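Here's the structure we're looking at; comments come further down.
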Amino acid sequence: MTDDLAANRPGDSLLPQLKGAPTWLNRQMMRLWRQSDDSDSWRKGVAGERIAGAKLDRLKRRGWHPLHSIPLPSGADIDHLLIGPGGVFCLNTKYFRNARVWVGDSAVKVNGGRGHPYVRNSRHEGSRASAVLTRACGFPVKVAPVLVFVSAANIAVAQSLGDVKVIKDREISSFRRQVGVLRPEEIEFVYAVARDRRTWLGS
């Protein structure tokens, strides 16, 4: 296992969950018998992270450095970290194909269903990444949390939500227009620190 997280691919941290997962035929039988299959959510998670990750990687030619599947000691991970001229962003990716998504101050509802704590989780990840990078870099590193909804049909965001950015995956390219926060030498330093697995071990 390398300590350089730049080698990680989007969705890598979810792959262990798919080991021993049911085959396609078994999954069809489980659906027929209305049995739950947790592996479906893991597959969608990997798919969503790979779609978003590919778009983040295109920002490299604009001076941005994306990192994917950053493992944390708790067993959780950060889906994507983006470091560049516009600052540092922690991206939490959710895959809901053709879904209607409503995002409130603390919860997300998909197709009118029960609330999910994605907003709260994104806040926590951003704060945690900021604390880790600030400590490791020796100067304040603000990390802005972003919720990315992949393949969603429609997203409605509460006007009161101001601390978590909410976008569709096709809006990832808009980061290329964000500038003026970090100087080139700061970008390279923060990236060097963030890509080192040891930075996150004590987080």
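The values are calculated or read from the model by the stated rules, or taken from the named source; none is laboratory data. No experiment lies behind these values; they were computed from the predicted model shown. Backbone-built Cβ (ideal geometry, glycine too); neighbour counts: all protein chains shown. Just so you know, the surface numbers come from the protein's heavy atoms only, side chains and all, with ligands and any DNA or RNA stripped out. Shrake-Rupley method; radii C 1.70, N 1.55, O 1.52, S 1.80 Å.
Quick notes on this structure:
- Selection count, the stretch 71-120, where residues are open to solvent by less than 10 Å² (accessible area, probe 1.4 Å) and farther than 23 Å from residue 176 by Cα: 6
- Number of positions in the stretch 53-73 that are in contact with a Leu (Cβ under 7 Å, 6 or more places away or on another chain) and closer than 12 Å to residue 169 by Cα: 1
- Filter pass, residue 130 being within 17 Å of residue 200 (Cα to Cα), among the small types (Gly, Ala, Ser) and open to solvent by less than 50 Å² (accessible area, probe 1.4 Å): yes
- Residue match in the stretch 75-90 (condition: in a loop (DSSP other than H, G, I, E, B) and free of Cβ contacts under 8 Å to residues at least 24 places away in the same chain): yes
- Only one of the listed residues (148, 190) is assigned to a helix (DSSP H, G or I) and touching a strand residue (DSSP E or B) at 6+ places or on another chain (Cβ under 7 Å). That residue is 190.
- Taking the stretch 151-187 as the range and being part of a strand (DSSP E or B) and either within 27 Å of residue 3 (Cα to Cα) or polar (S, T, N, Q) (or both) as the test, only 154 passes.
- For the stretch 151-172, the set of residues classified as farther than 17 Å from residue 119 by Cα and either among the aromatic types (Phe, Trp, Tyr) or open to solvent by less than 50 Å² (accessible area, probe 1.4 Å) (or both) consists of 151, 172, listed by residue number.
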